[in-house]
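Undergrad: Before I ask anything, let me first share the structure, which is written out below as structure tokens.
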Amino acid sequence: MFVTSKLPEVKTTIFTIMSALAKKHQAINLSQGFPDFSPHPKLIEAATKAMLSGQNQYAPMQGLMNLREIIAQKTQELYNVYYNPEKEITVTAGATQAIFTAIMAFIRPQDEVIMIEPVYDSYLPAVRLCGGMVKFCQMNPDDFSINWKDMSKLISNKTKAIIINSPHNPTGSTLKEKDLQELQKLVQGTDIVVISDEVYEHIIFDGEPHQSVALYPELAQRSIIVSSFGKTYHTTGWKVGYVLAPENLMVEFQKVHQYNVFSVNIASQAAFAEILKDKDLYLSLGQFYQEKRNYFRNLLQGSRFELKPVSGAYFQLASYQKISEEKDTDFAIYLTEKVGVAPIPLSPFYSKQQDFKLLRFCFAKENETLEKAAAKLMKV
């Protein structure tokens, strides 16, 4: 039987490849972005309580109302904007499903979508499945800033969406107020939808505020905001997130969502509704990971790696230009097989596989794990 692939260029993701390689060679896995420590005991307790109390069947399509209500309250307190929990909030099966659903809801064949690269790997295949066309705006590889003049040149009458991601995976950079103001100017008076991937919204460092599109009225009225409980509560395997959007956009989003997953694990939703009441847990997350960032960077002081600035998320970029001329994919394999530490190479996040001799290390790990990894990397 002959099958014509809808995604002929898509291969196994770099995350799967490097994690499998780490397992095969018993290397310390700093590649895939997940913590190696447990979530808060109160969260496990709340999920268990929900299951034991009978919350084991379908949740409402939009998500549990008490969870949506507390999300609305949290959003208003953080960004001074109100999203109606009945009509403007949907609980999703993680952020990737939310992004996929948003793209499927708004992109038609030949529509153009602008992405900022290096770009998280799930965005592009989703657009191609819709028959959409992608244009890339490349960040400055020195400081990962965005040239908004370059972005403006990409916009045409076919542009349907712009996807942004801050704090940014894989670079650890963040959008600043001036960036959101520039984006707001670009989309003013257009029908462009902004899909804003804000899953690391609480993991931002050095006293900087998170610049959510919710803070900017012109952006908020045209934006799908994607958030993740997995990143906030160390539960990436639970796959629960949520979307904020004005009602006219949310209506279209839910049309796809109801046939994509319909509803999300109800016990997990009940647990998140309970733990969100403890505001200190998410408000202190930035400081928690800032200490992880600083600890990992200090451990690598004096190494031959050049560490790039990190202003958000839980990834450290490191240049190995002083160590090797190998391709980043080859050097990542070398570190995994011979040194015993698995990173992620950056070139797979570029449409043309540009190689800037950069690797991404995840520091969302126990200090002991970081110490063992750093000890190995210091010998390179």
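FYI, it's all coordinate maths here, none of it is from the lab. Remember, predicted model here, so these are calculated numbers, not experimental data. Note that we place each Cβ from the backbone using ideal geometry, even for glycine, and neighbour counts take in every protein chain shown.
Undergrad: Order the peptides 75-85, 51-61, 336-346 from the highest to the lowest mean number of other Cβ atoms within 10 Å of their residues. Show your work: numbers first, answer last.
TA: Details: 75-85: 16.1, 51-61: 12.6, 336-346: 22.6.
With the highest mean Cβ count within 10 Å placed first, the list reads 336-346, 75-85, 51-61.
Undergrad: Turning to a different aspect of this structure: Would you please put 237-250, 299-312 in order of how densely packed they are, using the mean number of other Cβ atoms within 10 angstrom per residue and starting with the highest?
TA: Details: 237-250: 20.7, 299-312: 17.4.
Per-residue mean Cβ counts within 10 Å order the peptides as 237-250, 299-312.
Undergrad: Long-range amide H contacts for Ser223: which residues qualify at under 5 Å (H placed 1.01 Å from N, peptide plane, sequence gap of 5 or more or a different chain)?
TA: The answer is Val194.
Undergrad: Sort Thr190, Thr159 so that the residue with the fewest other Cβ atoms within 10 Å of its own Cβ comes first and the one with the most comes last.
TA: Thr190, Thr159
Undergrad: Using a Förster radius of 41 Å, what is the FRET efficiency between Phe356 and Glu45 based on their Cβ-Cβ separation? Nearest 0.05, please. Kindly include the intermediate steps, with their values, before the conclusion.
TA: Details: r = 45 Å, r/R0 = 1.10.
The calculated FRET efficiency here is 0.35.
Undergrad: Once amide H atoms are built 1.01 Å from N in the peptide plane, which residues 5 or more positions from Val134, or in another chain, come under 5 Å H to H?
TA: Residues meeting the amide H criterion: Val113.
Undergrad: Sticking with this structure for a sec: If we count other beta carbons within 10 Å of each Cβ, what is the order of Glu112, Glu218, Glu86, fewest first? Provide the component values of the computation, followed by the final result.
TA: On the way: Glu112 20, Glu218 17, Glu86 12.
Exposure proxy ranking, most exposed first: Glu86, Glu218, Glu112.
Undergrad: Show me, for region 4-16, the HN-Hα J-couplings you get by feeding each phi into the Karplus relation (A = 6.51, B = -1.76, C = 1.60, θ = phi - 60°), rounded to Hz, glycine and proline as x.
TA: Coupling constants for region 4-16: 8, 5, 7, 10, x, 8, 7, 10, 4, 5, 4, 5, 5 Hz.
Undergrad: Charges only on Cβ, +1 for Lys and Arg, -1 for Asp and Glu: so what's the dipole of region 85-134 about the Cα centre, in debye to the nearest 20?
TA: Working: 3 positive and 6 negative charges, 29 e Å.
So the dipole magnitude of region 85-134 works out to roughly 140 debye.
Undergrad: Moving to a separate point now. Calculated FRET efficiency, Gln221 and Gln258, Cβ-Cβ r, R0 25 Å, to nearest 0.05? If you can, show how the numbers build up before the last one.
TA: Working: r = 24 Å, r/R0 = 0.94.
It comes out at approximately 0.60.
Undergrad: Could you derive backbone 3J(HN,Hα) for region 188-195 from the dihedral phi with the Karplus parameters 6.51, -1.76 and 1.60 (θ = phi - 60°), listing whole Hz in sequence and x where the residue is Gly or Pro?
TA: Listing the rounded values in order: 4, x, 10, 9, 6, 8, 9, 9 Hz.
Undergrad: Where the centroid of each part is defined by its Cα atoms, how far is region 314-380 from region 13-69 in Å?
TA: 25
Undergrad: Another question, then. Residue by residue through region 109-115, what is 3J(HN,Hα) from phi via Karplus (6.51 cos²θ - 1.76 cosθ + 1.60, θ = phi - 60°)? Round to whole Hz and write x for glycine and proline.
TA: x, 6, 5, 9, 10, 9, 10
Undergrad: Based on the Cβ-Cβ distance of Leu283 and Ser5, what FRET efficiency does E = 1/(1 + (r/R0)^6) give at R0 = 45 Å, to the nearest 0.05? Spell out each step's value before the answer.
TA: On the way: r = 46 Å, r/R0 = 1.01.
With R0 = 45 Å, the Cβ-Cβ based efficiency is 0.50.
Undergrad: Using Cβ counts within 10 Å as a stand-in for footprinting exposure, how do Phe37, Phe356 rank, fewest first?
TA: Details: Phe37 10, Phe356 15.
Sorted ascending by nearby Cβ count, the order is Phe37, Phe356.
Undergrad: Shifting gears a bit: Would you mind putting 123-134, 219-230 in packing order, based on average other-beta-carbon counts within 10 Å, highest first?
TA: On the way: 123-134: 18.6, 219-230: 23.8.
In decreasing order of mean packing, 123-134, 219-230 become 219-230, 123-134.
Undergrad: A follow-up question, please. Would you work out the Kirkwood radius for region 41-278? I mean one over the mean of 1/r across all pairs of different Cα atoms, in Å.
TA: Details: mean 1/r = 0.0551 Å⁻¹.
About 18.2 Å for region 41-278.
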